[in-house]
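The values are calculated or read from the model by the stated rules, or taken from the named source; none is laboratory data. Quick caveat: nothing in here was measured; it's all calculated off a predicted structure. FYI the Cβ positions are ideal-geometry reconstructions off the backbone, even for glycines, and counts take in every protein chain you see. To get the accessible areas, we keep the full protein, side chains included, count just its heavy atoms, and leave off ligands, DNA and RNA. Shrake-Rupley method; radii C 1.70, N 1.55, O 1.52, S 1.80 Å.
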Amino acid sequence: MTAMKNQPYPTDLNDAKKNGVVFFEAGSTPADKADLFSNINNGSQVGIGTTQTVKQQIIDSGVGSSKKSFASIMDGLNTAWSQNVKQYNPDKK
């Protein structure tokens, strides 16, 4: 994408638009949703962008120094994330 307003898209993006790709500009986040990601991330303890804990669990599983499987780690993260989505954003299931 060009960084300048009112400038043409690069050729690849024009080709993508011709093939049905739709570009949209994100608006401002509504005030009642401003903390949604951080609340879900922190509440679920998934730790996106904050810790190495999950990465270390995956590594330990991969090298055999943990009895947890990769699938069980992912299932736990998905469950925790889903529960917090319901808690902090109940209109999304």
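See the values below:
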{"quantity": "Separation in nanometres of the label points that stand 7 Å from Cα toward Cβ, at Val21 and Gln87", "calculated": "3.8"}
{"quantity": "Which labelled figure in [x] 36, 21, 13; [y] 18, 14, 12; [z] 22, 15, 10 is semi-axes √(5λ) of the Cα gyration tensor in Å, once derived from the coordinates", "calculated": "[x]"}
{"quantity": "Lysine pairs meeting the criterion (Cα under 16 Å, 8 or more apart or interchain), as found in the chain", "calculated": "5"}
{"quantity": "Highest average packing first - 16-26, 64-74, Cβ atoms within 10 Å", "calculated": "64-74, 16-26"}
{"quantity": "Accessible area (Å², per residue) of the chain, counting only protein heavy atoms and a probe of 1.4 Å", "calculated": "81"}
{"quantity": "With DNA, RNA and ligands ignored, accessible area of Leu36 (1.4 Å probe; Å², nearest 10)", "calculated": "40"}
{"quantity": "Using alpha-carbon coordinates, inclination of helix 53-63 to the longest axis of the chain, degrees", "calculated": "70"}
